[in-house]
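Engineer: Quick one: the structure is below, and I'll ask about it shortly.
The values are calculated or read from the model by the stated rules, or taken from the named source; none is laboratory data. Everything quoted here is computed from the prediction, not taken from an experiment. Please note: Cβ atoms are built from the backbone with ideal geometry, for glycine as well, and neighbour counts cover all protein chains shown.
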Amino acid sequence: MSVFHRTKSGTSVVLALLTVAGTAAPMLVPAPVVAQTAFSDVNNNYWAKDFINELSERGIIKGFPDGTFRPDAPVTRAEFAAMIRSLRKPKTRAAINFVDVPSNFWARGAIAEAYEMQWMAGYPGNIFRPQQQIPRVQVAVAVNNGLGYEPTCNFEDVLSYYNDANNIPNYALKSVAAATEKQLVVSYPNPKSLQPNRSATRAEVAAFIYQALVSTNQAQAINSPYIARVDVGQNVAVKIPGGTSIPVEYNKDKILLGPNDKSPLTLTVADNITDSNGKILVPEGSKISGELRSTSNGVQFVAQELSIINGTRIPLNATSQLITKKESVSRGINVGNLIKNTALGAAAAAAIAGVTGDRAIATEEVLGGAGIGSLVGVFLGRDKVDLYAVNPDTDLDLQLDSDLIVDAGSSNICRAR
């Protein structure tokens, strides 16, 4: 169910500005039974005509008694509260008494509702500044935060769309990024010029509010060239060059392998792999699956697949160094101490059982859970066997044997159009 409810003609009130003694004085008036959908100062070529007419027809905004809309007039925070509260949604917090909003102030009720529905907030000290002209950045933040949107992409990537992004206040960065992703931001004549600190006009506020309806499937999208747009979740291929080192970790202190062991093994990426700008391409915690293989020359881990933590799986061509260290296992050794926090290849487990006579090595200690019974006979009668000993903390860091192509979009990177 939508959070919005359309304003009903004849039963609710909307903001109108009436000229009194040469000045614009606000007052609340009932919405007309038939909404005004044409204004003398909004011609067919006016950039925001469709936004204005659509909202006027819904009773969310209203013109003046002289038939004008005054689309380029600035909007105060009180006026914006009266407009945005017409997008009805549940009240999720109690109203507060703003010290600069008198009990007889014309928009006191609208301000209270805009606050209760979390469209707007005040300034420290319970100050609202109702007569302050509202900057465009506050309109973007209000609409976005009222809808509860959060950026899904790297907000700096999104904001690179704007040629004046450095003018966005720090408090608004993530909200503006989320609003941009959701196509809530409308800027005339250049959608890439946010002009965040310029006072919003009535036409601009109408456009922002209409886009809120579009984003919640309350209205049909208007094909306007002034809507800010970024490509969200697009696949951006990034190359990690061959020779790059990948630090890994494993949950055992040691791994013992016998001759001709081929043991499945899954390692964990121990640190983020980033590009030259610090953007994360392979996050810490991603998994690398492959085989730990022993030959007469030593042991080497051969990677087969990278599983990024978001679920993306990529074939991986990477290997560890060749490990040649060995550890002797002799008859009479304490097997419990030997295999404490140690993973075993199937051949290593068979060798330990054959030399020591201890057949109770737990299957879960054997990599891949392989059966060892058929191998034990190879080692029966021996007094000692030498096994390869792998220290995961120092021996298994990987090096890419070829370029690795990753999808930067999987790391929440958006691309400006």
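Engineer: Considering only residues that are more than 36 Å from the chain's Cα centre (by Cα) and among the polar types (S, T, N, Q), look in the stretch 33-54 and name the one that is modelled with the lowest pLDDT.
Structural biologist: Among residues in the stretch 33-54 that are more than 36 Å from the chain's Cα centre (by Cα) and among the polar types (S, T, N, Q), the one modelled with the lowest pLDDT is Gln36.
Engineer: Which residues, taken from the stretch 241-270, are within 21 Å of Ser402 (Cβ to Cβ) and touching a helix residue (DSSP H, G or I) at 6+ places or on another chain (Cβ under 7 Å)?
Structural biologist: Leu265 - this is the single residue of the stretch 241-270 that is within 21 Å of Ser402 (Cβ to Cβ) and touching a helix residue (DSSP H, G or I) at 6+ places or on another chain (Cβ under 7 Å).
Engineer: For the stretch 362-409, enumerate the residues that are touching a helix residue (DSSP H, G or I) at 6+ places or on another chain (Cβ under 6 Å) and either under 29 Å from Ser307 (Cβ atoms) or modelled with pLDDT under 85 (or both).
Structural biologist: Once the filter is applied, which keeps residues that are touching a helix residue (DSSP H, G or I) at 6+ places or on another chain (Cβ under 6 Å) and either under 29 Å from Ser307 (Cβ atoms) or modelled with pLDDT under 85 (or both), the stretch 362-409 yields Thr363, Val366, Gly369, Ala370, Ile372, Leu375, Val376, Phe379, Leu380, Arg382.
Engineer: Considering only the stretch 177-207, state which residues are touching a residue at least 40 places away in the same chain (Cβ under 8 Å) and of a type in the set (Gly, Ala, Ser).
Structural biologist: Ser187, Ser199, Ala200, Ala203, Ala206, Ala207
Engineer: Something else now. Is it fair to say Gly285 is more than 18 Å from Ser307 (Cα to Cα), assigned to a loop (DSSP other than H, G, I, E, B) and free of Cβ contacts under 8 Å to residues at least 60 places away in the same chain?
Structural biologist: The answer is no for Gly285.
Engineer: May I ask you to list the residues in the stretch 198-250 that are under 24 Å from Ala165 (Cα atoms), in a helix (DSSP H, G or I) and either acidic (Asp, Glu) or within 25 Å of the chain's Cα centre (by Cα) (or both)?
Structural biologist: Glu204, Phe208, Ile209, Tyr210, Gln211, Ala212, Ser215, listed by residue number.
Engineer: How about the stretch 124-173: which of its residues are surrounded by fewer than 18 Cβ atoms within 10 Å (Cβ to Cβ) and closer than 20 Å to Thr92 by Cβ?
Structural biologist: Asn126, Gly148, Glu150
Engineer: Surrounded by 15 or more Cβ atoms within 10 Å (Cβ to Cβ), touching a residue at least 12 places away in the same chain (Cβ under 8 Å), among the polar types (S, T, N, Q) and part of a loop (DSSP other than H, G, I, E, B), is that true of Ser263?
Structural biologist: Against the criterion (surrounded by 15 or more Cβ atoms within 10 Å (Cβ to Cβ), touching a residue at least 12 places away in the same chain (Cβ under 8 Å), among the polar types (S, T, N, Q) and part of a loop (DSSP other than H, G, I, E, B)), Ser263 does not qualify.
Engineer: Now, a different point. Just to be sure I understand, how many residues within the stretch 290-310 are within 18 Å of Leu322 (Cα to Cα) and out of contact with any Gly (no Cβ under 8 Å at 6 or more places or on another chain)?
Structural biologist: So the count comes out to 9.
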